[in-house]
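The values are calculated or read from the model by the stated rules, or taken from the named source; none is laboratory data. Since the structure is predicted, the reported quantities are computational estimates derived from the model, not experimental observations. All Cβ positions, even for glycine, are placed from backbone atoms using ideal geometry, and neighbour counts span all protein chains on display. The area values use the complete protein model at the heavy-atom level, side chains included, leaving out ligands, DNA and RNA. Shrake-Rupley method; radii C 1.70, N 1.55, O 1.52, S 1.80 Å.
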Amino acid sequence: MLRRILVALVLGGMLAGGLVYWQRDQLPPHLQVLLRNLIDPPAGHPPRLTEAYAQAVNAYLAQEGITRFTARDIAVLGAGSTSLYRTTYGMNDHPPLEAWERILPTLRVLEAFLARCACEIEVISSYRNERYNTALGSATRSQHLRFTAIDFIASTGTPEDWRGILIALRNEGLFRGGIGVYPSFVHVDTRGTNADWDQR
């Protein structure tokens, strides 16, 4: 029902604001993508996080001593897979249940990060399936594919501040892994070898 309403609103806006596009059969690219994703997305709509899945993951995290995060905090699909304006809409999946043990070391790093910065964080990217990762143009050996990586933003400070905390934790021997800094977020993974990069 909601999708039908959205389609009606989009079509109404197009008719009201740009009949010339319909006459030329040429909508702006972003509206072509939006309309296609509303009506018949090539990859289907993003999967929903079921209650059974969330409960299973939350029980596992609690068993492993993870207290600050839940399945809904971590199993984010990424903006590229949830935005109707993106050609990658609907491509990503939630991590398989058996993959959750691989993210545990990274979650422990983030719990230490939270204790150090006294802030809250928002995960913006975690697991990616191969199709989604390829469509994004990301590294073919991305740690997101293995579900050992998390990109996040914090409620206080800057990406440089967050990077500094992660480096301090790594220098203290908490983990070995990658730390990447971007204009609005940071990446951390527990690949087992140290790596650093700056994409600002």
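Figures for the structure shown
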{"read-out": "Sum of side-chain charges, R163 neighbourhood, beta-carbon under 11 Å (Lys, Arg +1; Asp, Glu -1)", "value": "-2"}
{"read-out": "Heavy-atom SASA rank of I121, I74 (probe 1.4 Å, accessible area, largest first)", "value": "I121, I74"}
{"read-out": "For A154, net neighbour charge (Lys/Arg +1, Asp/Glu -1) across residues whose Cβ lies under 10 Å away", "value": "-3"}
{"read-out": "Fraction of antiparallel bridges per DSSP, the chain only, in percent to nearest 5", "value": "75 percent"}
{"read-out": "Protein accessible area in region 36-153, 1.4 Å probe - carbon and sulfur %", "value": "50 percent"}
{"read-out": "Net charge, T88 excluded, C-beta distance under 15 Å - Lys, Arg +1, Asp, Glu -1", "value": "+2"}
{"read-out": "Between helix 100-117 and the chain: long-axis angle, C-alpha atoms, 0 to 90°, nearest 10", "value": "80 degrees"}
{"read-out": "Acute angle (nearest 10 degrees) that the helix 159-171 long axis makes with the longest principal axis of the chain, alpha-carbon atoms", "value": "30 degrees"}
{"read-out": "Isotropic mean projected area of the C-alpha convex hull, the chain (nm²)", "value": "13.3 nm²"}
{"read-out": "Cα long-axis angle, helix 2-17 against the chain (0 to 90 degrees, to the nearest 10)", "value": "60 degrees"}
{"read-out": "Per residue value of the accessible surface for the chain (all protein chains in place, 1.4 Å probe), Å²", "value": "54 Å²"}
{"read-out": "Neighbour-limited loop hits for trypsin sites (Lys or Arg not before Pro), region 76-157 (at most 14 other Cβ within 10 Å; DSSP other than H, G, I, E, B)", "value": "R141"}
{"read-out": "Most to least accessible of S125, S184, S138 (protein chains only, probe 1.4 Å)", "value": "S184, S138, S125"}
{"read-out": "Cα→Cβ-extended label distance, 7 Å offset, between L104 and E130, nm", "value": "2.7 nm"}
{"read-out": "Debye-sum result for region 98-200 in log10 I(q)/I(0), which assumes one identical scatterer on each alpha carbon, at q = 0.17, 0.18, 0.19, 0.23 Å⁻¹", "value": "-0.73, -0.82, -0.91, -1.33"}
{"read-out": "Coordinate range along principal axes, alpha carbons of region 88-157, Å, largest first", "value": "36, 25, 20"}
{"read-out": "Calculated log₁₀ intensity ratio I(q)/I(0) where the Debye formula runs over C-alpha points of region 144-200, q = 0.16, 0.30 Å⁻¹", "value": "-0.43, -1.31"}
